[in-house]
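Each value in this text was obtained by applying a stated rule to the coordinates, not by laboratory testing. Quick caveat, the model's predicted, so the values are computed rather than measured.
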Amino acid sequence: MSSPFALKNPLTNLKFKLEMDSIIVGGFSELNLGEETHDVIEYRGGDYQMTMQKQPGLYKNGNVVLKRGVFMDYNDLFTWFQRIKDGEFEKALVKNFSIILMDQANNTAAQWDFINGWPVKYTAPSLSAKGTEIAIETLEIAHEGVKRVKPGQSHT
């Protein structure tokens, strides 16, 4: 019987995709899943204890950050952000989405499902007449929770 903590080959971070509304949403050069944290509540249980007791407090999750090259006629992420900015914050604009990490054979190897995401920040590319790099736009998405799920068992 093998240990669940047995060493295995780790996955590389270079093949990934974003799925929203059951559609693969473009290619990205970078995708940061954000972090999850719990506040720590410290308290002293009576006047006889000399050490602080600790328990979990509020759960917080960081925003997802997407970066990709700008396309001439492909502004879906900016349009999504713009609609929220214009006051159209309706349930149809709040989306569940998945970030899928692929293995070397292009099979789903790991998956994170995000709940109730919506864009909170858009950064247009930095431009320079001297530059030759690809123009990169950035979109930051707030969400209300994330679950790591077994590949193919999405809950979004």
Fully extended, how many nm does the chain gain between Y59 and R148 (0.36 nm per residue separation, minus their Cα-Cα distance)?
30.4 nm
Listed by chain and number, the aspartates and glutamates with an alpha carbon less than 16 angstrom from that of K15, same-chain partners under 8 positions apart left out, are E30, D103
Run the numbers on the range 1-148 and let me know its relative contact order in percent, using alpha-carbon pairs under 8 Å that are six or more apart.
24
Would you pull out the residues with amide H under 5 Å of F28's amide H, same chain only if 5 or more places away, H placed 1.01 Å from N?
none
Which one is right for this structure if semi-axes √(5λ) of the Cα gyration tensor in Å is calculated from it: (i) 25, 16, 15; (ii) 34, 24, 17; (iii) 37, 16, 12?
(ii)
With Cα coordinates, the longest principal axis of the chain makes an angle with the long axis of helix 76-85, in degrees rounded to 10, of 70
Chain lengthening between A109 and A124 when straightened (0.36 nm per residue, less Cα-Cα):
2.2 nm
For a bin width of 5 Å, list the pair-distance distribution of the range 1-85 built from all Cα-Cα distances, rounded to whole %.
3, 9, 11, 14, 12, 11, 11, 9, 8, 6, 5, 2, 1, 0
